[in-house]
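Computed from the coordinates by the stated procedures, all read-outs in this text should not be read as laboratory data. Every value quoted in this text rests on a predicted model; they were computed, and no experiment measured them. So basically every Cβ, Gly included, is an ideal-geometry build from the backbone, and we count neighbours across all protein chains shown.
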Amino acid sequence: MPLPDEPATLLGNLTPAQFMRRYWQKKPLLIRQAIPDIQAPLTRDELFELADSEDAESRLITHFRKSWAMEHGPFAPDELPSVKKRDWTLLVQGVNLHDDRARALLDRFRFIPDARVDDLMISYATDGGGVGAHFDSYDVFLLQVHGKRRWRFGAQRDLSLKEGLPLKVLQHFEAEEEWVLEPGDMLYLPPHIAHDGVAEGECMTASIGFRAPSASELSGQFLYHLAERLDDAHSAGAKSAKGVQRYRDPAQPAVSHPALLPPLMIERVGAILANIEWDEKDVASFLGTYLSEPKPNVVFDPPHRPLNENRFIERAKQSGLKLDKKTVLLYDKHAYFMNGEPDLMSGKLRKWLPELADKRYLEGKRFVTLSGDSSMTVLLHEWYCAGWIQVDANA
């Protein structure tokens, strides 16, 4: 992970600070040999094996006889076209959740906040394969990891789509630039830049994508978060059913039009909603919880034979520990958020939790200096038993 003010080969010798200031969400950037001598995180056969798993999200896109088709996985080996057949693409989402090599590649981009990171997708394509001219609503780094792919892109205004297709293909695509990417080359595209990538021979591309929730998604999820908070507050403060606040209308008159929505109800509910308040702490709590929540297909694997707490401590002193590749750990000055679970940031936690979250590991010697705090070792052992962290940080 490059430091903010150090030139990085990954970014064409720009510093991360320069890249974020000049290009992030502003304009495309082509970087030749961003990662020289790169090897694909997974081989073709390993990617096909992952696409056959119920735990992975995969799609098969074909463009046979000029007709687009899309299928969702999992795919048994005999359900994929022959690698000798042209014009097909296999997309596997969230490869970083299943493979440490993909997770390590994703970690190179942690100069961008973890809260914005979505996943690392790998696309495999035979000659001529692609997904059509399209645009994304999020930032993406397109890193060539095997073979060659020709990219055409441009900042066109007409984003209308062809009708009747199973995927989003632009109706009128007009490219402004065109480049062939070879292994190690990378193209950064901000949101809504139209682009079309076509394989020249067999190729694999890693796409590092970033979360960009819509305003409606954020609003809906935040209101749901507030509603849960209010329910919890009411439950904690209610010693009896009388303590729970409910809608009341003692002044409601008798009606002759029972199906008419009562004006009094509209007024009263409006007053209730107007009294709902939130502050910066509530927003941070929502974001930390929401953005660290694992995706529905994520399943953590507890250790088959978990170490007891004493043996766990001794192992961590020797080898250190690290976050599981599926784990998301975020924090702010008030709280931390572990896989969607919020908790307060106590003074003791501030000694080590931000370090673990930022580095995603604690070295053995660092653990030794902290291990006298039983509250830390108990908490870390709980996370270990849940499969959220692993001992042997160097493994």
Review point. In deg cm²/dmol and to the nearest 500, what is the mean residue ellipticity at 222 nm of the chain if only DSSP H runs of at least 4 residues count, each as -39500 (n - 2.57), divided by the residue total?
Key: -8500 deg cm²/dmol
Check your understanding: Between residue 272 and residue 13, what length in nm is gained on full extension when 0.36 nm per residue of separation is reduced by their alpha carbon distance?
Key -> 87.7 nm
Review point. Which value, in debye to the nearest 20, gives the size of the charge dipole of region 294-395 about its Cα centre, when Lys and Arg are +1 and Asp and Glu are -1 at the Cβ?
Key: 240 debye
**Study point:** Three-way shape call for region 258-324 based on the alpha-carbon gyration tensor, with the a/c threshold at 1.5
**Key:** prolate
Revision key, fill the gap. Under the 7 Å Cα-to-Cβ spin-label approximation, residue 373 and residue 216 lie apart by a distance in nanometres of 4.4 nm
Check your understanding: How large is the dipole of the chain about the Cα centre if only Lys and Arg carry +1 and Asp and Glu carry -1, each at its Cβ, rounded to the nearest 20 debye?
Key -> 620 debye
Check your understanding: Length gain on complete extension for the stretch residue 351 to residue 293, per 0.36 nm per residue less the alpha carbon to alpha carbon distance?
Key -> 18.5 nm
Exercise for review: Please arrange 106, 167 by counting, for each residue, the other beta carbons lying within 10 Å of its beta carbon, fewest first.
Suggested key: 167, 106
Exercise for review: Return the long-range amide H neighbours of residue 182 (sequence gap of 5 or more, or a different chain), with a cut-off of under 5 Å between placed amide H atoms.
Suggested key: none
Practice item. Tell me the label-point distance for the pair residue 33, residue 155, using the 7 Å Cα-to-Cβ offset, in nm and rounded to one decimal. Key: 3.0 nm
Point to revise | Spin-label pair residue 163/residue 223, simplified geometry with 7 Å Cα→Cβ offset, distance in nm | key: 3.2 nm
Review point. Can you give me the relative contact order of the chain as a percent, contacts being Cα pairs under 8 Å and 6 or more apart?
Key: 14 percent
Review point. Relative contact order for region 309-391 using alpha-carbon pairs under 8 Å, separation at least 6, rounded to a whole percent?
Key: 43 percent
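Which helices count as membrane-span-like in the chain under these terms: full DSSP H, at least 30 Å along the axis by C-alpha, Kyte-Doolittle mean of 0.0 or more? Show your work: numbers first, answer last.
Working: long enough: 215-237 (33 Å, -0.33).
Helices passing the filter in the chain: none found.
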